[in-house]
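Notes follow once the structure below has been shown.
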Amino acid sequence: VKRFAVIGHPVAHSLSPKIHAAFGKQTGIALEYIALDAAPEHFDALLAEFAAEGGLGANVTLPHKTRAASSCTTLTERARRAGAVNTLIRSATGWEGDNTDGVGLVRDLTERHGLDLRSRRTLLLGAGGAARGVAPALLDAGIGDLFIINRTPERADALADVLAQPGRVHPRYFSDVSSLGMFDLIINATSAARDAALPTLPVALAGPRTAAVDLSYGEVAIPFLAWAHAAGAHDRIDGLGMLVEQAAESFQRWHGVRPDTDPCFEFLREHRA
Ligand code: ATR
């Protein structure tokens, strides 16, 4: 049986093993997919052990996405641009790192939720691994100007630098958030709610055309989406669809087959989040 895993810390509540098991069943591909917990200092050792035991591929989640990029011998173009890896593919020479988060998000927003992203004035909250993963794909999907704000301003600057579109991508300070005007798309890519500490956002950021997206799902997404509701945002979307779509894209990288994501999404929506 082909062996796969998701590596995170913590990882016990990851839905990825369920999703990949469902995709395997749907497509008739026999696979094993387990959750592996690794503290940051043990990530490389655990990955080496997994490879030695015949592991063919892995997903990487919090807090390892940036670190994983430096553990790979090759990176896909989209992983290199993101500086973050969520998918590892075993190759003859080591691990190839890919990032399926960005296309997963774009596919969820455009295909599942029917949003036209083109020219949307966009605010990205956060500049960590999650933000880095989705920013290049959003630009490729044709959004308008992209404003990035982050608690630590240097990381917003660094992300803007790697995106390398100075006329279009604008790092800003959190303290200036009230002067930024209204956005058509607001993406919460911070982990702030996991610490129950989402910074206060002015309701004037959102309006009747705004889509508000939290890359998390379940309880973690509630504070931001509640803010978006209060601010009058038209669409309020959590990260469950993105989770299923990024998994499908990883599945395709590993198995060469694209599963149908709708049954899996519907099941999780009903039973999990
Ligand atoms: P992830 O992979 O989830 O992005 P990360 O790389 O640790 O994880 O990034 C977490 C993001 O959430 C960062 O943008 C972080 O801001 P800093 O770069 O300033 O650390 C943001 N974040 C976490 N807790 C926050 C809080 N309480 N308030 C505001 N931003 C927070």
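In segment 243-264, the qualifying residues are those that are of a type in the set (D, E) and in a helix (DSSP H, G or I), and the one that is surrounded by the fewest Cβ atoms within 10 Å (Cβ to Cβ) is D262. In the condition set (1) at negative phi; (2) more than 16 Å from the ligand (Cβ to nearest atom); (3) modelled with pLDDT of 95 or more, F43 is compliant with all but (2). Just one of the listed residues (H9, H13) is within 16 Å of the ligand (Cβ to nearest atom) and without any contact (Cβ under 8 Å) to a residue 24 or more places away in the chain, and it is H13. Evaluating H113 against the criteria (1) surrounded by fewer than 22 Cβ atoms within 10 Å (Cβ to Cβ); (2) over 18 Å from the mean Cα position of the chain (by Cα); (3) closer than 26 Å to R269 by Cβ leaves one unmet condition, (2). Inside segment 219-242, residues that are in contact (Cβ under 8 Å) with a residue 12 or more places away in the chain and in a helix (DSSP H, G or I) make up a count of 12.
For the residues F265, F224, F183, the requirement of being outside the structural domain of H113 (by TED's automatic domain parsing) and among the aromatic types (F, W, Y) singles out F265.
Looking at T61, T110, can you tell me which residue is within 14 Å of the ligand (Cβ to nearest atom) and under 29 Å from F183 (Cα atoms)? Write out each step before concluding.
Working: T110 fails: within 14 Å of the ligand (Cβ to nearest atom).
Residue meeting the stated conditions: T61.
Of the residues that make up segment 68-76, is at least one crowded, with 23+ Cβ neighbours inside 10 Å and at pLDDT below 95? No; the residues of segment 68-76 include none that is crowded, with 23+ Cβ neighbours inside 10 Å and at pLDDT below 95.
Counting only residues that are in contact (Cβ under 8 Å) with a residue 40 or more places away in the chain and within 13 Å of the ligand (Cβ to nearest atom), which one in segment 69-99 is nearest to the chain's Cα centre (by Cα)? Once the filter is applied, the top-ranked residue is N86.
Conditions tested, residue by residue: (1) out of contact with any strand residue (DSSP E or B) (no Cβ under 7 Å at 6 or more places or on another chain); (2) outside the structural domain of A79 (by TED's automatic domain parsing); (3) at pLDDT 95 or above.
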position	(1), (2), (3)
S119	yes, yes, yes
L125	no, yes, yes
D140	yes, yes, yes
L198	yes, yes, no
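Taking each residue of segment 133-158 that is touching a residue at least 24 places away in the same chain (Cβ under 8 Å) and looking for partners that are among the acidic types (D, E) and within 10 Å of the ligand (Cβ to nearest atom) with beta-carbon atoms closer than 8 Å, six or more apart or interchain, yields G133/D101; V134/D101; A137/D101.
Tally time: how many residues in segment 163-180 are without any contact (Cβ under 8 Å) to a residue 24 or more places away in the chain and in a loop (DSSP other than H, G, I, E, B)? Within segment 163-180, residues that are without any contact (Cβ under 8 Å) to a residue 24 or more places away in the chain and in a loop (DSSP other than H, G, I, E, B) number 3.
Entry remark, segment 116-130: residues being within 8 Å of the ligand (Cβ to nearest atom) and under 12 Å from A211 (Cα atoms) number 0 in total. With the structure loaded, tell me whether I148 is farther than 20 Å from G239 by Cα, more than 15 Å from the chain's Cα centre (by Cα) and hydrophobic (A, V, I, L, M, F, W, C) or whether it fails that test. Answer is no for this residue. Applying the criterion of being touching a Phe, Trp or Tyr at 6+ places or on another chain (Cβ under 7 Å) and either within 11 Å of the ligand (Cβ to nearest atom) or of a type outside the set (A, V, I, L, M) (or both) to the residues of segment 156-211, the residue that is farthest from T66 (Cα to Cα) is T210. Being within 16 Å of the ligand (Cβ to nearest atom), buried (at least 24 other Cβ atoms within 10 Å of the Cβ), under 18 Å from R168 (Cβ atoms) and of a type outside the set (S, T, N, Q): is that true of G102 here? So G102 fits the description; yes. Comparison of A135, A160, A156 shows that the only residue that is in a helix (DSSP H, G or I) and farther than 27 Å from A230 by Cβ is A160.
Within segment 35-54, the set of residues being farther than 14 Å from L88 by Cβ and in contact with a helix residue (DSSP H, G or I) (Cβ under 6 Å, 6 or more places away or on another chain) comprises just one member, A35.
The values are calculated or read from the model by the stated rules, or taken from the named source; none is laboratory data. All of these numbers come straight from a predicted model, not from anything done at the bench. Backbone-built Cβ (ideal geometry, glycine too); neighbour counts: all protein chains shown.
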